[in-house]
Amino acid sequence: MRRWSALLLALWVPAGLAASVRVPELGVIFNDYPTDLAKPVPYERPDGFVVQLQIGRAYLNVMRYDDPARAARSLTDADYRQLLRRELEQRGLHVSEARLTKLGGQAAWLVTGAQTLIPGRIVSYECFATVIVSHQLINAVVSAVGSPGRPVDFDLMLKILLGMAFEPVDRSAVPAPVPAASNPDKMPRFLDAGDVPIYSEAARVRGLQGTVDASFSIDEHGRAQHIEVFFADYAELAQSIPTVLEHGRFKIPADWTQAGSQGRRFTMEFNFVIVRAGDKCPDTSAASHIAGAEIMEICNSLGR
């Protein structure tokens, strides 16, 4: 039995003195990192690595994409920069500033603005940074919801973004897939694509907690096939599970097809938990419904 944790909203910690913190999987150094903020935990995606930070109501998401094709155009290209701006505007961002600058000595396109979530009441303040480092695209986003003004936490997180530096990527600590021949019943590690919220909005609004069990096979490309949700404490909790599995990838070993593993059925258990901001997410693996099932804990922290 293995246990994954998907911390949807990182735990809140008040900002303190600054230090330098490295995230080698992304090749990123946070030079203005509050010493009392929990150490950043990178997550592997099918197309790269991501890390999320939180201070109060402000969040910083940094994603590094592996595919060099995403970095085919230069930020010195004015047409490319305007394309990036238009994409944000089409998503509802009212741009207040857009400028070509430098982050960690690298050219960076910085776009700042806001989106109205509830007219006259709630606004989402956002800053998008696009950087190309060693032929790879890095996207960094600072966001914070304010009512009505911009939260101070946004400026604290923006300082962390603007203090970023870069170094060569080091993924030597990332575990390699276990050969299928040595353990044919072992399910490969699942990489969530991150493009679909696991905790559906309907479930979060109602404050639902509980378990969802799903079974599936894994093809030669690491994609889940023939997905079946066979247990759910609440239908709303299961709402996103098939799409999350379809969009994600399993990190299969090189001998996956040769060992005939694509014909096996695997089971994952998704445990949904809500905790107060600052509280530790509980270990729910002991209460597993299915013996030997792979467990993913989706822990949603309520912001202060």
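A dipole drawn for the chain from +1 and -1 charges on Cβ atoms has a positive end, and of Gln52, Val62, Gln82 the residue lying farthest that way is Gln82.
Remark: segment 35-116 carries a charge dipole of roughly 160 debye about the Cα centre, counting +1 on each Lys and Arg Cβ and -1 on each Asp and Glu Cβ.
Computed from Cα atoms alone, the Kirkwood hydrodynamic radius reported for segment 9-166 is 16.1 Å.
Computing Rg and the Kirkwood Rh from the Cα coordinates of the chain gives a ratio, Rg/Rh, of 0.98. Electrostatic bookkeeping for Val244 treats Lys and Arg as +1 and Asp and Glu as -1; over the other residues with beta carbon under 10 Å from its beta carbon, the sum is -3.
Near Ser215, once Lys and Arg are set to +1 and Asp and Glu to -1 for all other residues with Cβ below 9 Å from its Cβ, the sum equals -1. Here the extension length gained between Glu87 and Ala18 equals 21.5 nm, from 0.36 nm per residue of separation less the Cα-Cα distance.
Working note: Karplus 6.51/-1.76/1.60 with θ = phi - 60° gives segment 144-159 the couplings 7, 8, x, 8, x, x, 6, x, 4, 4, 4, 5, 5, 6, 4, 4 Hz, where Gly and Pro are set to x.
Relative contact order for segment 201-300: 30 percent, from Cα pairs under 8 Å spaced at least 6 residues apart, divided by residue count. Its alpha carbons considered, segment 207-264 gives a radius of gyration followed by a Dmax of 13.3, 45 Å. Distance between the modelled labels on Glu167 and Glu228, one decimal in nanometres: 4.9 nm (7 Å Cα→Cβ projection).
For the chain, a crude dipole built from +1 on the beta carbon of Lys and Arg and -1 on the beta carbon of Asp and Glu, taken about the Cα centre, is about 600 debye to the nearest 20. For segment 77-214, the square roots of the Cα gyration tensor eigenvalues, ordered a ≥ b ≥ c, give a/c of at least 1.5 with a/b no greater than b/c, which places it in the oblate category. Cα axis of helix 78-90 to longest principal axis of the chain: angle in degrees, 0 to 90, nearest 10? With rounding to tens, the tilt is 70 degrees.
Subtracting the Cα-Cα distance of Ser74 and Ser182 from their residue separation scaled by 0.36 nm leaves 34.4 nm. Annotation for Asp283 and Ala38: the two label points, set 7 Å from Cα along the Cα-Cβ direction, are 1.6 nm apart. Averaging the sequence gap over all C-alpha pairs within less than 8 Å and six or more residues apart, then dividing by the number of residues, gives segment 72-206 a relative contact order of 15 percent.
How much net charge surrounds Asn139 when only other residues with a Cβ under 11 Å from its Cβ are counted (Lys, Arg +1; Asp, Glu -1)?
Counting the neighbours of Asn139, the net charge comes to +2.
Lys-Lys pairs in the chain that are eight or more residues apart or on separate chains and whose Cα atoms lie under 27 Å of each other come to 7.
DSSP bridge analysis restricted to the chain gives an antiparallel fraction near 85%, rounded to the nearest 5.
For segment 137-153 and segment 224-287, what is the separation of their Cα centres, given in Å? So the separation of the two Cα centres works out to 31 Å.
Give me the orientation-averaged projected area of the Cα convex hull of segment 190-302, in nm², one decimal.
7.4
Each Lys and Arg Cβ is given +1 and each Asp and Glu Cβ -1; about its Cα centre, segment 190-302 then shows a dipole of about 120 debye. Shown here for segment 121-222: GluC sites (Glu not before Pro) in loop regions (DSSP other than H, G, I, E, B) with at most 11 other Cβ atoms within 10 Å, namely Glu220.
Readers should treat all values here as calculations from the given coordinates under stated rules, not as data from a laboratory. This structure is a prediction, so every number in the text was calculated from the model and none was measured. Positions of Cβ are backbone-derived with ideal geometry, glycine not excepted, and every protein chain shown enters the neighbour counts.
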